[in-house]
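The values are calculated or read from the model by the stated rules, or taken from the named source; none is laboratory data. Just so you know, these numbers come straight off a predicted model, no measurement behind them. All Cβ positions, even for glycine, are placed from backbone atoms using ideal geometry, and neighbour counts span all protein chains on display.
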Amino acid sequence: MGHDTAEWVFVAVVIAVLVYVGVDSWIVQKEVEDVPADAEVIKVTGQQWFWSFEHADGTKEISTLHLKKGHAYKFEIYSRDVMHSFNIPDWVVFEDAVPGHTNHAWFAPNEVGTYPIQCREYCGLLHYNMRGSLVVEDDKS
Amino acid sequence: MVLELQKPRPVWQIMFSTHHTDVGYLYTITGLTFLFMAGVLAMIIRTHLFFPGEGVLVSDSATFNRIFTVHGLTMLFLFALPVANGIGNILVPIMVRYKDMAYPKLNAIAFWMNPVGGALLWLGFADVSWVSYAPYSIIRAPGPAADMFIFGMKILGISSILSSINFVVTVLKCKHPDLSLRRVPLFAWSMLTVSLMTLIAMPTYAAALIMMLTDRLGLSGFFNPFAGGDPIAYLHLFWFTFHPEVYIFLLPAIGMMYEIIPRFSRKPLYSQASGVFAFVMLGIIGFASWGHHMYSTGMDFTTKVVFMIGTLAAVPASGMHVFNFLATMWGARIRFAAPMKFAVGGIALFFSAGAGGVLNSAMPLDFISHGTYWVVGHMHLFLTGTIGFGFVAMVYYMFPYITGRMYSEKWANVHFIGMFWGTVQVFFTQHLLGLEGMPRRIYDYPPEFTSWTQLNQIATVGAWILGASFAVFLASLIYYSAKGKPANMDDPWGLGGKYYYPVAAKNPHGGHSGY
Ligand code: HEM
Ligand SMILES: [Cu+2]
Ligand SMILES: [Cu+2]
């Protein structure tokens with residue numbers, strides 16, 4: 001193969017891979033951000049160094065969040081002081097809590113169980129311990 | 001390369017010199033000193049994380065937070081930048097055939113700002129993390145540490161602007177008229193590119209730092225949501241500077257590989273033009289991707305897509321360097337002496353780091369990796385794996401020219417195996433830890449998370465290997481600069497054929513037909 005041809009082929013292959021990555025992430029991200037209309041809103045507030053939650057009916061919880069299997073939930077994420085990041089790794093729920101902003105994330109748990117909640121943005125002294133848990137229960141109603 | 005260190009001189013003569021090689025030595029030695037200081041911090045961090053829940057070595061999170069902050073700041077601004085500037089100072093004037101840097105006094109001033117900035121960072125020992133996100137850095141970070149951090153970074157930022165002005169003028173204005181810009185060796189091109197990038201990128205951060213200071217003093221509220229400001233504005237200003245800055249850290253190391261690889265392959269470089277093109281491309285497109293650090297801040301879909309495209313668009317330029325290196329080595333009679341081993345090892349790690357970077361840029365995947373150990377692994381594959389390897393290769397390469405003696409190839413090999421092994425073991429493992437969901441910058445983690453514990457322990461053992469390899473490096477630098485065999489200055493590695501060395505190695509003021 002000629003001197004330049006090899007390089008052009010190489011660059012073309014790289015670009016093809018990148019186009020694939022780009023298009024695929026566009027498609028997936030579009031789907032991920034498409035919040036179902038019937039999702040129930042949960043307000044999530046981060047502050048140094050714990051999470052608190054408010055359900056649509058006004059019930060409040062601290063650190064442990066109870067949700068029902070088979071429902072879609074939309075989180076409205078706030079911060080009271082510095083930046084935090086609300087994260088349920090097992091369900092790929094992840095969005096920053098930024099003071100002065102309202103951010104969103106959603107998911108629909110389809111398995112019962114207890115899952116860790118954590119903070120994924122450095123927020124000072126006890127950032128490492130800003131942990132909670134999500135309890136997904138069977139919907140008995 | 002000029003051989004001035006060979007004849008013993010009092011240290012103060014070097015310290016108060018403005019000659020480019022002396023300033024170059026000062027930069028390089030300062031950079032390497034800070035490398036070992038920050039390396040000790042890294043060993044403390046990794047050893048601490050070996051034992052969850054025990055508080056080994058560091059018994060409170062306040063200290064831990066300060067340690068990882070100063071580790072990161074030191075490695076980036078007091079190791080990576082100074083060493084690049086040091087090698088740049090020694091080589092760039094020679095490569096463009098000029099007697100010195102364009103502004104020798106400015107050059108010395110820019111250097112001496114480094115110890116001052118470094119002292120402020122180390123004496124303050126702030127806990128803001130290297131990104132120092134608002135509003136933590138404004139409303140919560142304890143002073144005077146955070147204020148000393150601001151002043152330290154301010155000084156280092158100005159230093160980097162001054163030295164960039166110097167490199168730009170040296171290459172563009174002082175270059176020998178017979179030497180066309182295209183034929184300027186690629187290492188000098190890399191310094192030119194990163195200097196221009198610094199001039200565009202750094203003022204933004206310099207402004208953001210002053211805004212942070214006035215916010216901290218309560219005089220303004222630019223980034224403080226409780227005074228009408230917005231922390232996201234800080235993130236934009238920060239990453240507008242520091243995404244380009246990651247290429248500013250990277251390109252000099254790539255430039256060093258361009259010096260080493262053809263020489264030890266005993267072949268001309270595959271393509272000078274493609275190297276120049278890739279540098280300039282990356283220098284421009286590097287400014288279009290800063291938002292990939294902010295996907296999860298609540299950025300809307302379209303903005304995320306734009307920054308993703310900007311990020312991916314910069315990747316082919318990096319790929320072209322890899323191709324250029326491989327094509328140069330293809331079918332060559334390679335001499336695997338220490339500089340070549342480190343350069344080739346660096347390229348392999350560069351490639352894997354780039355592949356990981358592409359995964360970060362894909363928006364949905366970034367929601368898995370952002371803020372986890374994946375990102376720590378990613379950046380360290382570049383910073384240790386590529387930049388560290390490139391710099392170490394260059395230090396071995398310059399060793400005979402500077403000291404007149406030869407290092408020991410055997411101990412260099414021990415260093416190489418340890419460093420490569422260690423790098424892979426720590427930083428690949430950190431990618432896995434990220435996938436397991438472990439957040440970065442955490443002082444401790446629940447011992448009942450057994451997969452985290454195991455992976456952390458594997459990473460820590462890797463870090464010990466890496467650390468040990470650097471102890472070998474330090475010891476052999478010191479020992480062989482005094483006791484090494486005198487080097488054959490015509491051909492220290494026995495490559496055969498004078499063509500393969502910069503002619504200046506033997507004759508600092510002579511011609512450069514070798515290029
Ligand atoms: C192929 C080229 C590269 C691509 C596609 C790429 C992509 C990315 C992306 C998307 C992130 C954001 C990850 C996150 O925080 O979620 C990131 C983070 C980072 N990258 Fe790269 N990167 C590349 C090259 C480099 C190079 C050459 C360096 C350094 C020399 C570097 C250093 C960093 C650092 C330090 C961070 C983390 C910053 C922080 O949050 O502390 N990257 N990279
Ligand atoms: Cu946090
Ligand atoms: Cu970036």
Residue check for B:G72: under 28 Å from B:Y136 (Cβ atoms) and under 23 Å from the mean Cα position of the chain (by Cα): yes
For segment A:25-79, how many residues are within 16 Å of ligand 1 (Cβ to nearest atom) and of a type in the set (F, W, Y)? 1
Given (1) closer than 30 Å to B:I309 by Cα; (2) surrounded by fewer than 17 Cβ atoms within 10 Å (Cβ to Cβ), number of the condition A:L18 does not satisfy: (2)
Assuming B:A468 fulfils every condition listed in (1) at negative phi; (2) at pLDDT below 95 apart from one, which condition is it? (2)
Sole residue being under 20 Å from B:H292 (Cβ atoms) and of a type in the set (F, W, Y), chosen from B:F323, B:F342, B:F307: B:F307
Please go through segment B:296-313 and pick out each residue that is without any contact (Cβ under 8 Å) to a residue 40 or more places away in the chain and more than 7 Å from chain A (Cβ to nearest Cβ). B:M299, B:D300, B:T302, B:T303, B:V306, B:F307, B:G310, B:A313
Selection count where residues are near ligand 1 (Cβ under 9 Å from one of its atoms) and at the interface with chain A (Cβ under 7 Å from one of its Cβ atoms), scope segment B:314-331: 2
For segment A:123-137 the number of residues that are facing chain B (nearest Cβ under 10 Å), in contact with a strand residue (DSSP E or B) (Cβ under 8 Å, 6 or more places away or on another chain) and over 17 Å from B:G434 (Cα atoms) is 2
So is B:R46 charged (D, E, K, R), at pLDDT 95 or above and surrounded by 18 or more Cβ atoms within 10 Å (Cβ to Cβ) or not? yes
Search segment A:73-122 for residues being under 14 Å from B:Y295 (Cα atoms) and more than 14 Å from ligand 2 (Cβ to nearest atom), and hand back the single one that is nearest to the other protein chains (Cβ to nearest Cβ). A:N103
What is the one condition in (1) within 16 Å of ligand 3 (Cβ to nearest atom); (2) touching a Pro at 6+ places or on another chain (Cβ under 8 Å); (3) outside any helix (DSSP H, G or I) that B:M299 does not satisfy? (2)
Evaluate segment B:206-219: report whether one residue or more is surrounded by fewer than 23 Cβ atoms within 10 Å (Cβ to Cβ), in a helix (DSSP H, G or I) and within 16 Å of ligand 3 (Cβ to nearest atom). no
Taking segment B:294-308 as the region of interest, how many residues are under 16 Å from B:A233 (Cα atoms) and either within 16 Å of ligand 2 (Cβ to nearest atom) or surrounded by fewer than 21 Cβ atoms within 10 Å (Cβ to Cβ) (or both)? 7
Got a sec? Which of B:A273, B:A332 is in a helix (DSSP H, G or I), out of contact with any strand residue (DSSP E or B) (no Cβ under 7 Å at 6 or more places or on another chain) and not charged (D, E, K, R)? B:A273
Does segment B:251-273 include one or more residues that are within 16 Å of ligand 3 (Cβ to nearest atom) and more than 30 Å from A:V93 (Cβ to Cβ)? yes
Of the residues B:G157, B:G229, only one is more than 23 Å from the chain's Cα centre (by Cα) and either at pLDDT below 95 or buried (at least 17 other Cβ atoms within 10 Å of the Cβ) (or both); which? B:G229
Conditions (1) at pLDDT 95 or above; (2) more than 14 Å from chain A (Cβ to nearest Cβ): number failed by B:T69: (2)
Whether any residue in segment B:250-257 is more than 14 Å from every other protein chain (Cβ to nearest Cβ), surrounded by fewer than 23 Cβ atoms within 10 Å (Cβ to Cβ) and part of a helix (DSSP H, G or I) is what I want to check. no
Answer yes if at least one residue in segment B:158-175 is more than 20 Å from B:A208 (Cβ to Cβ) and without any contact (Cβ under 8 Å) to a residue 24 or more places away in the chain, and no otherwise. yes
Only one of (1) in contact (Cβ under 8 Å) with a residue 60 or more places away in the chain; (2) touching a helix residue (DSSP H, G or I) at 6+ places or on another chain (Cβ under 8 Å) fails for B:I45. Which number is that? (1)
Specify the residue that is surrounded by the fewest Cβ atoms within 10 Å (Cβ to Cβ); the eligible residues are those in segment B:403-453 that are of a type in the set (S, T, N, Q) and away from ligand 1 (no atom under 16 Å from the Cβ). B:T450
Residue that is touching a Gly at 6+ places or on another chain (Cβ under 9 Å), crowded, with 22+ Cβ neighbours inside 10 Å and in a loop (DSSP other than H, G, I, E, B), where the choices are B:F187, B:F223, B:F167: B:F223
Among (1) farther than 21 Å from B:M15 by Cβ; (2) of a type in the set (A, V, I, L, M); (3) modelled with pLDDT under 95, which single condition is B:I165 missing? (3)
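Condition check ((1) more than 9 Å from every other protein chain (Cβ to nearest Cβ); (2) touching a residue at least 40 places away in the same chain (Cβ under 8 Å)) across all residues:
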residue	(1), (2)
A:V19	no, no
A:P36	yes, yes
A:A39	yes, yes
A:G58	yes, no
A:T64	yes, yes
A:L67	yes, yes
Return the residues of segment B:97-137 that are surrounded by 24 or more Cβ atoms within 10 Å (Cβ to Cβ) and aliphatic (A, V, I, L, M); say none if nothing qualifies. B:M101, B:A110, B:L121, B:A126, B:V128, B:A134
